[in-house]
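> My structure is below; once you've seen it, I'll send some questions.
What follows is calculated from the coordinates using simple rules that are stated; it is not laboratory data. Note that the structure is predicted; figures quoted are calculated from it, not measured. Methodologically, a virtual Cβ is constructed for each residue, glycine included, from the backbone with ideal geometry; neighbour enumeration extends over all protein chains shown.
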Amino acid sequence: MRTPIVAGNWKLNGSRQSARDLAAGVATGAPKSGVEVVVCPVSLHIPEVAAAVEGSVVALGGQNACENESGAFTAEVSSSMLAEFGCRYVIIGHSERRSLYGESDADCAARGKAVIDAGLTPMFCIGETLEQRESEETIAVLHRQLNALVEAAGDDVFGKCVIAYEPVWAIGTGKTASPGQAQAVHEAIRQYVAGLDGTAASSVRIIYGGSVKPDNAAELFAQPDIDGGLIGGAALKAEDFLAICNAAAEK
Ligand code: PGA
């Protein structure tokens, strides 16, 4: 069986002190089994957060990583640098990176490959815009995003990553995909993986992101192909994030 995973994407928020406090709160209350809990702070806060979660079940993740290991790439952070500070996961291809910072499918795929090459696990984000959903392009868009990853990292990539389905129209908007809508897409993603790698299709965790809150998490996680969540706004309050982690642990 797949162990659910719930990751908090803290985005560009917090101070050293608030990051430490939030991490300590999560570390103290995180369920000891049944779910893998990950927090992804701003890179600068990683050392503080690493110290706060040390000895707990909480794992650390980065919010992005460069496709290159080192060199003249101003402002970037590499996967091996994140690994050195204890990160095990890296969010790649978040829609904010794609839409606000112009990361293309190929860029995201190259970043995903670099994460895997450094021995970490990408949480590879895919998702359609409202316009794409309304013109029934959802599956085509997701396939295009996943095809790029397969092209960069090989047919066996889904044995080495987590897929995060994040409909762009649901991120930070308070509009969640209904459990049925999300399940239908997750099932289609798993079928896509099955076409390449039968073993990975049953083991790969496909998590949902987009306005997951304590009051809708259990219903989403009850769906057979939803293996946890990538949480934005609700990850900034330990109490809310822990409620979501508990909902996943009870799956
Ligand atoms: P949200 O963000 O939970 O605030 O919608 C999710 C995400 O961006 O990963």
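> Modelled label-to-label distance, residue 13 and residue 131, 7 Å Cα→beta-carbon offset: nm?
The answer from the label model is 2.8 nm.
> Check residue 90: other-chain or 5+ apart residues with amide H under 5 Å from its amide H, H built from backbone geometry?
Under 5 Å from the amide H of residue 90: 62, 121, 123.
> Further question on the same structure: Convert each backbone phi in segment 79-94 into a coupling constant with the Karplus relation 6.51 cos²θ - 1.76 cosθ + 1.60 (shift: θ = phi - 60°), then list the ³J(HN,Hα) values in order as whole Hz, x for Gly and Pro.
4, 5, 5, 5, 5, 4, 9, x, 6, 10, 10, 9, 6, 10, x, 4
> What residues have an amide H closer than 5 Å to that of residue 36, excluding those fewer than 5 places away on the same chain, when H is modeled at 1.01 Å from N in the peptide plane?
5, 6
> I need to check one value: relative contact order of the chain, counting alpha carbon pairs closer than 8 Å and at least 6 residues apart, in percent.
Numbers: 517 pairs, mean separation 56.8, N = 251.
Relative CO of the chain lands at 23 percent.
> While we're on this one: Apply the Karplus curve 6.51 cos²θ - 1.76 cosθ + 1.60, θ = phi - 60°, to the phi angles in segment 135-145 and return the couplings in whole Hz, x for Gly and Pro.
Ordered by residue, 3J(HN,Hα) equals 9, 6, 9, 3, 5, 4, 5, 5, 4, 4, 5 Hz.
> If I model the chain as equal point scatterers sitting on the Cα atoms and use the Debye formula, what is log10 I(q)/I(0) at q = 0.14, 0.16 Å⁻¹?
Values, matching the q order: -0.87, -1.17.
> Could you check the spin-label model distance between residue 70 and residue 84? Points 7 Å from the Cα along Cα→Cβ, value in nm.
Modelled inter-label distance: 0.7 nm.
> Sort the following peptides by mean Cβ neighbour count (other Cβ atoms within 10 Å, averaged over residues), highest first: 38-46, 93-101, 187-195, 119-127.
Ranked by mean Cβ neighbours within 10 Å, highest first: 119-127, 38-46, 93-101, 187-195.
> So if we plug the beta-carbon distance of residue 44 and residue 188 into 1/(1 + (r/R0)^6) with R0 = 35 Å, what FRET efficiency do we get, rounded to 0.05?
It comes to 0.40.
> Which cross-chain or sequence-distant (5 or more) residues have an amide H under 5 Å from the amide H of residue 209, H modelled 1.01 Å from N in plane?
165, 166, 230
> Now a separate question. Under the 0.36 nm per residue contour assumption, what length would be gained going from the current alpha-carbon distance of residue 250 and residue 2 to full extension?
88.0 nm
> Something else about it: Rank the residues 213, 32, 251 as a footprinting-exposure proxy: fewest other Cβ atoms within 10 Å of their Cβ go first.
Exposure proxy ranking, most exposed first: 32, 213, 251.
> Among the lysines, which fall within straight-line cross-link reach of residue 32, defined as a Cα-Cα distance under 17 Å, with same-chain neighbours fewer than 8 residues apart omitted?
Filter leaves 251.
> Indicate, rounded to the nearest 5 percent, the antiparallel portion of the DSSP beta bridges found entirely in the chain.
About 0 percent, rounded to the nearest 5.
> Determine ³J(HN,Hα), in whole Hz, for all residues of segment 225-235 in sequence, where each value follows from phi through the Karplus function 6.51 cos²θ - 1.76 cosθ + 1.60 and θ = phi - 60°; x replaces Gly and Pro.
Per residue, the Karplus-derived 3J(HN,Hα) values read 9, 9, 9, x, x, 10, 10, x, x, 6, 7 Hz.
> Please list log₁₀ I(q)/I(0) at q = 0.15, 0.21 Å⁻¹ for segment 102-211, using the Debye equation with identical point scatterers on the alpha-carbon positions.
So the normalised log intensities work out to -0.60, -1.17.
> If you don't mind, another one. Would you mind putting 175-184, 237-246 in packing order, based on average other-beta-carbon counts within 10 Å, highest first?
Output ranking for 175-184, 237-246: 237-246, 175-184.
> For segment 131-251, what's the relative contact order in percent, using C-alpha pairs closer than 8 Å and at least 6 residues apart?
25 percent
> For n ≥ 4 DSSP H runs only, could you compute -39500 (n - 2.57) per run for the chain, divide by its residues and tell me the 222 nm figure to the nearest 500?
About -13000 deg cm²/dmol.
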